[in-house]
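The values are calculated or read from the model by the stated rules, or taken from the named source; none is laboratory data. Since this is a predicted model, take the numbers as computed values, not measurements. Positions of Cβ are backbone-derived with ideal geometry, glycine not excepted, and every protein chain shown enters the neighbour counts.
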Amino acid sequence: MSNPTSRNPECFRKSGFTAAVVLMCLLFAGCGGRKKTQLDVYLDELEVERTLESVQEVPVGTYGIASAIPLHGTSREEDNTLWIHLRFQLVVICDPSDEKAVLAAAKRHRGMLDDTIITVCRKATKEELEDNRWATLKSRIIDAIRPILGDDRVRQLAFVDFSWEAI
């Protein structure tokens, strides 16, 4: 039995044209894939599996701190200060596997931890306390307590019932 394409040169041209069209489509489409951008690579490197469900909130202390904050500038002279009382509960956010270690470190270093938190809070300015997210204050506290509780254990801090008022 003879092959119909062996005798028909028109069929060769059509199949060659079809093959060329398919090849061009594959080349332009990139064979179904796309080149990863720098952002894609960065996002792939992030630990995506760490969600809110995989963190533990560990209360490390309740604080009531009296402090004198400067009203204008940084001068803490008598006529330029406002005496305030800060109240809050400090919560460390960590991995569930680090909860016991954070609690043990907080208990073992209670004096140093409390002194560090009080010192940072007493250096706070009025602007830092008026920020409703307390971002600068949290940043300073976290930088100060990470060496005490474990650099790799403390992910973030949260304040519970944070308030301050003039006394």
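Would you point out the residue of the range 54-73, among those that are hydroxyl-bearing (Ser, Thr, Tyr) and modelled with pLDDT of 90 or more, that is farthest from residue 101 (Cα to Cα)? If we take residues in the range 54-73 being hydroxyl-bearing (Ser, Thr, Tyr) and modelled with pLDDT of 90 or more, then 67 is farthest from residue 101 (Cα to Cα). Filtered by the rule that a residue be farther than 11 Å from residue 92 by Cβ, small (Gly, Ala, Ser) and touching a residue at least 40 places away in the same chain (Cβ under 8 Å), the range 119-167 gives 124, 163, 166.
Got at least one residue in the range 153-160 being within 22 Å of the chain's Cα centre (by Cα) and polar (S, T, N, Q)? Yes, the range 153-160 contains at least one residue that is within 22 Å of the chain's Cα centre (by Cα) and polar (S, T, N, Q). Scanning the range 125-134 turns up one or more residues that are at positive phi, within 25 Å of the chain's Cα centre (by Cα), assigned by TED's automatic domain parsing to the domain that holds residue 57 and at pLDDT below 95. It is to be established whether one or more residues within the range 93-115 are within 18 Å of residue 63 (Cα to Cα), in contact (Cβ under 8 Å) with a residue 12 or more places away in the chain and in contact with an Asp or Glu (Cβ under 7 Å, 6 or more places away or on another chain). Among the residues of the range 93-115, at least one is within 18 Å of residue 63 (Cα to Cα), in contact (Cβ under 8 Å) with a residue 12 or more places away in the chain and in contact with an Asp or Glu (Cβ under 7 Å, 6 or more places away or on another chain), which makes the answer yes.
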